[in-house]
Amino acid sequence: MRFASDFKKYINYALYSAAAELKNQVHGTYLGWVWWILDPLLYMAVYSFVVEGVFGAKIENFSVFVFIGLSAWNYFSASANSSVSVVRSYRSVLQKAYIPKFILVLIVMFINFFKMALSFAILIAAMAAMGLKLQLAALCFFPLIAVYSALIFGLCLISAHIGVYIADLSNVTVVATRVLFYFSGIFYDLKELPQKLMPVYFYVCPTGFFVRELRACLLYAQPCDFKMLAYWLTVAALVSLTGLSLMYRNENSYMKAV
Amino acid sequence: MAGIIIQAKQVTVRYKEREAVSYRKAFAKQEHKKPYTALEGVSFSLYEGEALGLIGENGSGKTTLLRAIAGIYSPDEGEIILNAVRVSLVSLGIGFQARMSGRQNIYLSGYAMGASKKEILASIDDIIGFSELERFIDKPVESYSSGMYARLSFSISVFLCKGALLIDEALSVGDTGFQKKSMDKITQITKEKATGAIIASHSLDTLNNLCTKALWLQSGKLRQYGEAASVIESYKAYIGSKRR
């Protein structure tokens, strides 16, 4: 109940703040908002060159394959890394007004969601130019992103809470996300991992699961695995509830610690 | 008879750690976690339509008390009872973004205070007029002087506030004319809306004019609480004796 009323009351702040931060990030640069488009394109070019050109990997439509993985990954990674220190970043505001702390996590997520949405818009335009048509299965994109966002929200709430008390968590998160990156099949096919791991893998590696499913629905015209999606929805709900509960119980002592 | 709108009962606030700690310290013995008591056993009541002055030297706990009432800190002991009123902490520059215009910062600060778009739209002309920044409102606030910045943030706070006002050193902004206008505005809001105000300031004359009661904090403890003129006189005498 309190979450719903706080969400309604402060959602405009989250959106306005995210928009201001996005403008700030490109303020003073020559290319401005073009960087939001160039950024994922350049990363895709680098990974395509290294994996396909240098290591000779053979995956059909590799640039699209990498782009889907990178877009989904960056949303998770950037949100997780920013959330750890988000309460400290907003210290000056929080000392002057009461703002529910989950709103800060939403600000971080809105910024990264916008970038991901832009990446996928570019991807779809690029696919059309390459003659790759989206099929009906592409509609699975929406429930996949919704559950993925809910899961990221929950994880970011918990890391933001711990990050208030343990500043070192930001360093740990950078390393942990880097490790997860290499395990998530962003620039290789998960079939290359030992197959005996697969039954467990998709239950423990959310990014691996979501990257695979997004590729399946957008690139290979296959519907998503709804059973596994339901599993991750349950995990997302539990993690989010835990995160919200932690924040609401402790948020009034955050300002004494940061 | 006017009712109590804010009641503090034996409020104690401690800071356990001023900064976040490293793992090594977090798992070490708790020696570094000696709490610092910022407020200790403070009690008072604020009645409808009343303005309460908060005085004391720097570090005496004035800001901590206001933040505790505003819900930014939770008391470690005691309780703060808000009787069916909301409170608004009036302080300078809530989350201003330097590169955004004054107008955009009105929205940003307003949303941070929990105001709706409708409420902001209803007040925006008053905010701009009161801050006397009509010609500069669409310029980035990074180009503002400190006085212009303070005038805008004060105006946002007072026009978008709801319920009782908690004013933290925000009355000494701008030139003399603006200060007078600010005081009149505070008096008007307190009386017209039948709420109340708690005003922390080092400007004793201002508090004498605005407040009916005063509360003197010393090292986090309540030193004196009562009629404004009497408490302010005692405080002046104390400050005078310290300087001699």
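The values are calculated or read from the model by the stated rules, or taken from the named source; none is laboratory data. Just so we're clear, the structure is a prediction, and the values are computed from it rather than from any experiment. Here Cβ is always computed from backbone atoms with ideal geometry, including for glycine, and neighbour counts include all displayed protein chains. All accessible areas refer to the heavy atoms of the entire protein, side chains included, with ligands and DNA or RNA removed. Shrake-Rupley method; radii C 1.70, N 1.55, O 1.52, S 1.80 Å.
The residues in the range A:79-123 that are out of contact with any Phe, Trp or Tyr (no Cβ under 9 Å at 6 or more places or on another chain), farther than 25 Å from A:VAL174 by Cα and touching a residue at least 24 places away in the same chain (Cβ under 8 Å) can be counted, and the count is 1.
Answer yes or no as to whether A:ALA14 is buried (at least 19 other Cβ atoms within 10 Å of the Cβ) and within 11 Å of chain B (Cβ to nearest Cβ). Considered against the rule, which asks whether it is buried (at least 19 other Cβ atoms within 10 Å of the Cβ) and within 11 Å of chain B (Cβ to nearest Cβ), A:ALA14 comes out as yes.
When A:ALA230, A:ALA237, A:ALA176 are checked against the criterion of being away from chain B (no Cβ under 14 Å), more than 18 Å from the chain's Cα centre (by Cα), among the small types (Gly, Ala, Ser) and open to solvent by 40 Å² or more (accessible area, probe 1.4 Å), A:ALA230 stands alone in meeting it. Of everything in the range A:90-110, what is buried (at least 19 other Cβ atoms within 10 Å of the Cβ) and either in a loop (DSSP other than H, G, I, E, B) or away from chain B (no Cβ under 14 Å) (or both)? Give them in sequence order. Within the range A:90-110, A:TYR90, A:LYS96, A:ALA97, A:TYR98, A:ILE99, A:PRO100, A:LYS101, A:PHE102, A:VAL105, A:VAL108, A:MET109 meet the criteria. Select from the range B:212-235 the residues that are in contact with a Lys or Arg (Cβ under 7 Å, 6 or more places away or on another chain), open to solvent by less than 10 Å² (accessible area, probe 1.4 Å) and assigned to a strand (DSSP E or B) and list them in ascending order. Passing the criteria: B:TRP216, B:LEU217. Just give me the residues in the range B:125-149 being open to solvent by less than 10 Å² (accessible area, probe 1.4 Å) and either among the aliphatic types (A, V, I, L, M) or part of a loop (DSSP other than H, G, I, E, B) (or both), in sequence order. B:ILE127, B:LEU133, B:ILE137, B:VAL141 - these are the residues of the range B:125-149 that are open to solvent by less than 10 Å² (accessible area, probe 1.4 Å) and either among the aliphatic types (A, V, I, L, M) or part of a loop (DSSP other than H, G, I, E, B) (or both). Here the condition is being open to solvent by 40 Å² or more (accessible area, probe 1.4 Å) and within 16 Å of A:LYS115 (Cβ to Cβ); of A:LEU22, A:LEU42, it holds for A:LEU42 alone.
Residue-level check: of (1) assigned to a strand (DSSP E or B); (2) at pLDDT below 85; (3) of a type in the set (Gly, Ala, Ser), B:SER43 misses just (2). Looking for something out of contact with any Lys or Arg (no Cβ under 9 Å at 6 or more places or on another chain), of a type outside the set (D, E, K, R) and in a loop (DSSP other than H, G, I, E, B) - is there at least one such residue anywhere in the range A:49-56? Within the range A:49-56, one or more residues are out of contact with any Lys or Arg (no Cβ under 9 Å at 6 or more places or on another chain), of a type outside the set (D, E, K, R) and in a loop (DSSP other than H, G, I, E, B).
Among the residues of the range A:188-210, the one identified as touching a residue at least 12 places away in the same chain (Cβ under 8 Å), open to solvent by 40 Å² or more (accessible area, probe 1.4 Å) and over 22 Å from A:ALA230 (Cα atoms) is A:ASP189.
I'm trying to understand the selection: among the residues of the range A:210-258, which are among the β-branched types (Val, Ile, Thr) and either modelled with pLDDT of 95 or more or in a helix (DSSP H, G or I) (or both)? Even if it seems obvious, please write down each step before you answer.
From the range A:210-258, those among the β-branched types (Val, Ile, Thr) are A:211, A:234-235, A:239, A:242, A:258; that's our starting set.
Residues satisfying the conditions are A:VAL211, A:THR234, A:VAL235, A:VAL239, A:THR242.
Within the range B:71-89, if we keep just the residues that are surrounded by fewer than 21 Cβ atoms within 10 Å (Cβ to Cβ) and facing chain A (nearest Cβ under 8 Å), the residue that is nearest to A:TYR98 (Cα to Cα) turns out to be B:GLY71. Within the range B:46-56, is even one residue at pLDDT 90 or above, surrounded by fewer than 16 Cβ atoms within 10 Å (Cβ to Cβ) and assigned to a strand (DSSP E or B)? No, that holds for no residue. Of everything in the range A:25-39 that's within 14 Å of chain B (Cβ to nearest Cβ) and touching a helix residue (DSSP H, G or I) at 6+ places or on another chain (Cβ under 9 Å), which residue is surrounded by the fewest Cβ atoms within 10 Å (Cβ to Cβ)? So, considering only residues that are within 14 Å of chain B (Cβ to nearest Cβ) and touching a helix residue (DSSP H, G or I) at 6+ places or on another chain (Cβ under 9 Å), the one surrounded by the fewest Cβ atoms within 10 Å (Cβ to Cβ) is A:THR29.
For the range B:106-119, the set of residues classified as within 21 Å of A:SER92 (Cβ to Cβ) and part of a helix (DSSP H, G or I) consists of B:ILE106, B:TYR107, B:LEU108, B:SER109, B:GLY110, B:TYR111, B:ALA112, listed by residue number. Among the criteria (1) at pLDDT below 90; (2) closer than 30 Å to A:ASP168 by Cβ; (3) among the basic types (Lys, Arg), the one B:ARG86 does not fulfil is (2).
For first residues located in the range B:90-111 and facing another protein chain (nearest Cβ under 7 Å) and open to solvent by 30 Å² or more (accessible area, probe 1.4 Å), partners that are assigned to a loop (DSSP other than H, G, I, E, B) and not polar (S, T, N, Q) and lie 6+ apart or on another chain with Cβ distances below 6 Å form the pairs B:ARG99/A:HIS27.
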